[in-house]
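Values in this text are rule-based calculations from the coordinates and carry no lab data. Everything quoted here is computed from the prediction, not taken from an experiment. We place every Cβ from the backbone using ideal geometry, glycine too, and count neighbours over all the protein chains shown.
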Amino acid sequence: MITMTLDQCVHCGLCLSSCPTYQQTGVEMESPRGRLVLLELWTKDSEPHDAVEAQWLDDCLDCRACEAVCPAHVPTGHLVEEWRGHQAGSTPSLRLMRLLTFFLGSSKGLAWFQRFARWSQHPLGRFLVRRWLTWWPDSPARLQRGLPAHINRRLSRHRIASDPPQSHTAFLFVGCVMDTVYADTNQHTADLLRMAGFRVTVDPRQRCCGALHWHNGQPAQAQTWAQENIEAFEASGASVIVVNAAGCLSTLREYPELLRGTPWEARARHFSAAVRDALEVLSDEPLPHLSEQPTPVTIHDACHHVHAQGIFKESRILLQRAGYRIQEMANSTRCCGSAGIYNLTHPEMSQALLRDKIEGIPHGVDIISAANPGCLLHIQQGLVTQGKHVLAEHPIDLVWRAYRTAGYLPSMTTKEGGTARG
């Protein structure tokens, strides 16, 4: 059960200006303060509740913006996640979660997901996606437009060679969407870590972080994958876990909460303490300062970076060190509407937030940087749909490209023996 009372919320209203859904609708029940009232009612009343109330709760993006400004430290996002866990059997995303369990649950499933993503870029594939996934209007077809032009034929976990474990070894967490759709970004992360003096190890047995399942009412599946990730790290001999996806980072650091009260809790705390974001790690290293790049860059700050982890300046430090000139965008910390599978289950709200995000891109900027795969896919499809000549790119890719052009990353090789691709 949800264990909170309204006494924790002081009704100050600071959360209202930070909540994306409230800003869109102006409805009190679409705000964190309103959702806390609803959660309290659901815990006290065993009678069936109105579907509209459930919708108001489920509309929460879990972006944690309210938690970042709340003076009473009410964990609204976590509480909504817990509520979803009790409602999992009736949520509209249940069928989608079963598909994700298949695709993300093993290396074989990930390989099929990668093939499907690559195949869906072809005209016939796009047509069949629209025909097959008729139970989500056009959301998957729309999201397909955000796929990068090049998708590798192999998972990054099978492409990146592991160094012999010694001191200063980083365990690279490759994720699921990053491992498949953004395999190059994982390779580039490994290259930059080695340039900074780290040894890198990639355990192919690691699993999805579990964020999509945990945030959508299926914590048991997330717990299973968390345990396997902990075992993989413990066997690696590495001292630090490096993650290049904001959503994964937040979830990995919250494993002690996910596994609280289980025999795994102590091991989860040790694991969590070792987790660091790739931007944090690399911005702390004395990488060379490069001459200014001619193309300006703007930055979208992923919710699980800026709100959940307080990561904001690190991407700016790293990009500026690599020579990029940054033009800040309006509301860079406001959610883009991706929010895991939210862009599929709540397309109208998601697209409204995306339109606001794209409108905030400064004039004359050709690149928007985002350090989360969901944000990249979502923003890029919005740019394509609106006919904007702007690319959404991961900051790691931008930094890697700058250092490679400057000659600092010659002939970095993969496990397959070929050179890394940009």
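Computed on the chain, with alpha-carbon pairs under 8 angstrom and 6+ residues apart, the relative contact order is 16 percent. By the rule of a C-alpha distance below 13 Å, with chain neighbours fewer than 8 residues away ignored, the aspartates and glutamates paired with Lys357 are Asp301, Glu328. The packing ranking, built from the mean of other Cβ atoms within 10 Å per residue, places the peptides 364-371, 158-165 in the order 364-371, 158-165, highest first.
Relative protection proxy for 112-122, 345-355, from highest mean packing down: 345-355, 112-122 (other beta-carbon atoms within 10 angstrom). Taking the helices alone, the chain has a mean residue ellipticity at 222 nm of -13500 deg cm²/dmol, built from -39,500 (n - 2.57) per DSSP H run of at least 4 residues and averaged over all its residues.
The calculated FRET efficiency for the pair Thr385 and Ala54, based on their C-beta separation and a Förster distance of 30 Å, comes to about 0.50.
The label-point distance for Glu328 and Glu228, in a model that sets each label 7 Å from Cα toward Cβ, rounds to 4.3 nm.
Of all aspartates and glutamates in the structure, the ones whose alpha carbon falls short of 13 Å from that of Lys388, not counting any fewer than 8 places away in one chain, are Glu359, Asp366. Here's the picture: a label point sits 7 Å out from the Cα of Arg194 along the beta-carbon direction, and within segment 388-407 the residues with their amide nitrogen under 14 Å of it are 404. Here the gap between Thr25 and Asp284, fully extended at 0.36 nm per residue and compared with their Cα-Cα distance, gives a gain of 89.2 nm. Find the centroid of the Cα atoms in segment 245-267 and in segment 207-241, then give the distance between the two in whole Å. Between the Cα centre of segment 245-267 and that of segment 207-241, the gap is 7 Å.
Antiparallel as a % of all DSSP beta bridges within the chain, to the nearest 5? Of those bridges, close to 5 percent are antiparallel. Going by a ≥ b ≥ c, the root eigenvalues of the Cα gyration tensor, does segment 244-335 fall in the rounded group (a/c under 1.5), the prolate group (a/b larger than b/c) or the oblate group? Note, shape of segment 244-335 comes out oblate. Across segment 6-90, C-alpha contacts under 8 Å between residues 6 or more apart give a mean separation that, scaled by the residue count, equals a relative contact order of 32 percent. Remark: the Ser167-Ser107 segment gains 18.8 nm on full extension, using 0.36 nm per residue and subtracting the alpha carbon distance.
For segment 211-279, the square roots of the Cα gyration tensor eigenvalues, ordered a ≥ b ≥ c, give a/c of at least 1.5 with a/b no greater than b/c, which places it in the oblate category.
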